[in-house]
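Here the structure is laid out as structure tokens; the discussion comes afterwards.
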Amino acid sequence: MQTMAMNTEDIKGPIGVFDSGFGGLSILRDIRKQLPHYDYLFLGDNARAPYGVRSFQIVYEFTLEAVKYLFAQGCPLVILACNTASAKALRTIQQRDLPVLDATRRVLGVIRPTVEAVGSLTQSGHIGVFGTPGTIQSNSYEIEIHKLFPSYVVHGHACPMWVPLVENREYDGDGADYFVKKDVDALLSLDRSIDTVILGCTHYPLLRKKIEQYTPRDVNLVAQGEIVARSLEDYLCRHPEMETRLQKGGSCRYLTTEDASRFSATASIFTGEHVKAEHIVL
Ligand code: DGL
């Protein structure tokens, strides 16, 4: 009988989507809307969220653990649906870890596609960015924006309370109004010419209504879900060698490092469909 050795490249697998917590579900929802026929495996490191206040080294280590886990589950491609992880871990994982782990697999982030999209939105060239303390301190948005648009003026503002408001399901509550108004005012007062504001954290679309309420109408608010989804579609068109490695069944599995039933209850609100998560240990 003839046997044939299988490369990892021959094995099909789901698209891995990673976030520190629930925020990445906002990206996953838009990706699945745009690309419904693929299988997805979502991993939320809820037990260790938020990442936004953690050091570079810790965010890198946690993110690498998650990527390795998703690779071990057979994902040929992993999307870091988390700005903090994209800012603090993506480059090192792409440049240092991937060649050792498996040079044929890919890890993509959310910052670059978002930056590519702002060029068509701003008139003034003055951009505001809301993000976690980690994302803002990393200056990743400013660095990436200046690579493509050197003349743009970029102001970042960290919103340390926004992720806890979302993770604790307080994004609709009155407490959220206080913090959202305070942070919107703080960013816009830095530069009256800001006409485009990036919601540079995947948790923030959940606060969008409140952010809109306190932001002048002529300021564009840029959420990342649709942008990342279109960018992924484009990536897969340009990389048929990756596209053919993706499983196409239209399914989605959810993994969390927190209690599974607790995750499932909140995740269902975010996704708008019944979620039955599985608990895992990283
Ligand atoms: N959702 C993540 C992001 O986009 C961060 C949330 C956190 O602080 O863990 O930055």
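The values are calculated or read from the model by the stated rules, or taken from the named source; none is laboratory data. Because the structure is predicted, anything quoted here is derived from the model rather than measured. Don't worry about glycine lacking a Cβ; one is built from the backbone with ideal geometry, like all the others, and counts go over all protein chains shown. The area values use the complete protein model at the heavy-atom level, side chains included, leaving out ligands, DNA and RNA. Shrake-Rupley method; radii C 1.70, N 1.55, O 1.52, S 1.80 Å.
Just one of the numbered conditions (1) surrounded by 24 or more Cβ atoms within 10 Å (Cβ to Cβ); (2) under 19 Å from GLU226 (Cα atoms); (3) of a type in the set (A, V, I, L, M, F, W, C) is not true of LEU108: (1). Of the residues making up the range 204-228, those that are touching a helix residue (DSSP H, G or I) at 6+ places or on another chain (Cβ under 9 Å) and acidic (Asp, Glu) number 1. Of all the numbered requirements in (1) open to solvent by 30 Å² or more (accessible area, probe 1.4 Å); (2) farther than 24 Å from VAL110 by Cβ, GLY173 misses one, and that requirement is (1). Would you pick out the residues in the range 250-264 that are within 21 Å of the chain's Cα centre (by Cα) and assigned to a loop (DSSP other than H, G, I, E, B)? GLY250, SER251, THR257, GLU258, listed by residue number.
In contact (Cβ under 8 Å) with a residue 60 or more places away in the chain and part of a strand (DSSP E or B): does that describe ILE198? Break it down into steps so the answer makes sense when it comes.
Working: in contact (Cβ under 8 Å) with a residue 60 or more places away in the chain: yes; part of a strand (DSSP E or B): yes.
The answer is yes for ILE198.
Annotation: of all residues in the range 118-141 being within 16 Å of the ligand (Cβ to nearest atom) and surrounded by fewer than 19 Cβ atoms within 10 Å (Cβ to Cβ), the one that is nearest to SER193 (Cα to Cα) is ASN139. Checking each residue in the range 239-271 for being out of contact with any strand residue (DSSP E or B) (no Cβ under 8 Å at 6 or more places or on another chain), within 17 Å of ARG29 (Cα to Cα) and open to solvent by 70 Å² or more (accessible area, probe 1.4 Å) picks out LYS248, ILE269. Just a yes or no: is a residue in the range 212-231 part of a helix (DSSP H, G or I), within 30 Å of ILE11 (Cα to Cα), open to solvent by 40 Å² or more (accessible area, probe 1.4 Å) and not polar (S, T, N, Q)? Looking through the range 212-231, at least one residue is part of a helix (DSSP H, G or I), within 30 Å of ILE11 (Cα to Cα), open to solvent by 40 Å² or more (accessible area, probe 1.4 Å) and not polar (S, T, N, Q). Kindly indicate whether SER124 is over 20 Å from TYR204 (Cα atoms), touching an Asp or Glu at 6+ places or on another chain (Cβ under 9 Å) and of a type in the set (Gly, Ala, Ser). Taking the combined requirement at face value, the residue satisfies it.
If we keep just the residues of the range 34-84 that are free of Cβ contacts under 8 Å to residues at least 60 places away in the same chain and under 24 Å from LEU246 (Cα atoms), which is farthest from the ligand (Cβ to nearest atom)? Among residues in the range 34-84 that are free of Cβ contacts under 8 Å to residues at least 60 places away in the same chain and under 24 Å from LEU246 (Cα atoms), the one farthest from the ligand (Cβ to nearest atom) is ALA72. Scanning the range 171-193 for residues that are in contact with a helix residue (DSSP H, G or I) (Cβ under 6 Å, 6 or more places away or on another chain) and assigned to a loop (DSSP other than H, G, I, E, B) yields a count of 1.
Tell me, which strands (runs of 3 or more DSSP E) wholly within the range 1-97 include 3 or more residues that are in contact with a helix residue (DSSP H, G or I) (Cβ under 8 Å, 6 or more places away or on another chain) and either surrounded by fewer than 24 Cβ atoms within 10 Å (Cβ to Cβ) or basic (Lys, Arg) (or both)?
Numbers: elements: 15-19, 40-44, 77-80.
Filter on the range 1-97 gives an empty set.
Scanning the range 225-258 for residues that are in contact (Cβ under 8 Å) with a residue 24 or more places away in the chain and hydrophobic (A, V, I, L, M, F, W, C) gives ILE227, VAL228, ALA229, LEU232, LEU236, MET242, LEU246, CYS252, LEU255.
For the range 142-162, filtered to residues that are more than 16 Å from the ligand (Cβ to nearest atom) and part of a strand (DSSP E or B), the residue that is least open to solvent (accessible area, probe 1.4 Å) is VAL154.
On the given criteria, is LEU148 hydrophobic (A, V, I, L, M, F, W, C) and under 24 Å from ARG230 (Cα atoms)? Answer is yes for this residue. The set of residues in the range 188-201 that are away from the ligand (no atom under 16 Å from the Cβ) and aliphatic (A, V, I, L, M) comprises LEU188, LEU190, ILE194.
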